[in-house]
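Notes follow once the structure below has been shown.
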Amino acid sequence: MKDLCADERPMEKMRDKGVFSLSNAELIAILLGSGTRSMNAVDVARELLKSGGEQLGAVSSMSLDALKGISGIGKNKAARVTAAFELGRRCAAEEATGGTCRLNSSDSVFRIMYPQMKNLKREECWLIMLNRANVLISKEQISIGGEDSTAIDYKAIAIRCLEKKASAAILVHNHPSGTPIPSKADIDVTTMIRKTLATCGVNLLDHVIISPGSWYSFADEVVTVKNCREKFCKGEK
């Protein structure tokens, strides 16, 4: 970033004017550290934002391979960007649960998973594992699918719960189509996973289907529409 004027360099600008004075491109440029022979780091960051439709949420959902497809971004820079967005999601999850990640409602599940899933263009399924007090032990991605389906390995879910010594579990997946209403396949999967986990002494507390701004809870048997202007759902530029 040496080709930029001193007062235009993101690091110097942050030091002199504060982090809030930086644009999204300038913040990303700090993560990148350098550009290419023809583009400085800010230019590379702008190209990255452009590839995500100028939406941070879309950029945050990009895979490492997709990030490396941007000119000027190699594996190390892609890793730094991915790590930064993951830290942001974890921070949002802590704020949503008050620091102690106790999941005792579909709303609390939505709060920690929505930042992770709101911009996905494909279906993903996640397993949340809890102890006896419903405190989060671990959350793990267990499958990735297409736009309208994803395959789930029941045996693998049971094994992970046993390995983590979980007493309960919650299944979460997204519907990129926009409606959280469960399909017959979703209902059948929920029934099979509940039976499989029961044989291991693990209780499936809920299966939450997330779509943009709303979710369906099998435990509540109702679709809930969330006001996405709330802090944890914001995706400001």
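All of the numbers you see were taken from the coordinates with simple rules; none came from a lab. Keep in mind that this is a model prediction, so the values were computed, not measured. With ideal geometry, Cβ positions are generated from the backbone for all residues, glycine too; neighbour counts draw on all protein chains shown.
With a threshold of 26 Å on the Cα-Cα distance, the over-threshold entries among K77/K118; K68/K118; K50/K77; K13/K77; K17/K121; K164/K184 are K17/K121; K164/K184. Once you keep just the Cα pairs under 8 angstrom separated by 6 or more residues, what percentage relative contact order results for region 100-233? The value is 25 percent. Normalised by 2.2 N^0.38 Å, where N is the number of residues, the alpha-carbon radius of gyration of region 100-233 equals 0.97. The loop-placed GluC sites (Glu not before Pro) in region 125-181, going by DSSP, that have at most 15 neighbouring Cβ atoms within 10 Å of their Cβ come out as E147. For the chain, the share of DSSP beta bridges that are antiparallel, to the nearest 5, is 75%. Its relative contact order, with pairs defined as Cα atoms under 8 Å and 6+ residues apart, puts region 6-90 at 21 percent. Mean separation of Cα pairs under 8 Å and 6+ residues apart, divided by the residue count of the chain: what relative contact order is that in percent? It rounds to 14 percent for the chain. The angle separating the long axis of helix 106-117 from the principal Cα axis of greatest extent in the chain is about 40 degrees.
Counting only DSSP beta bridges whose two residues both lie in region 100-233, roughly 75 percent are antiparallel. For the chain, the extents of the C-alpha atoms along the principal axes are 64, 33, 33 Å, listed from largest to smallest. Here the chain is treated with +1 on each Lys and Arg Cβ and -1 on each Asp and Glu Cβ, and its dipole about the Cα centre works out to around 480 debye. Rg and Dmax, both from the Cα atoms of region 6-90 and both in Å, are 12.3, 35.
Compared with the dominant Cα axis of the chain, that is its longest principal axis, helix 184-198 is turned about 70°.
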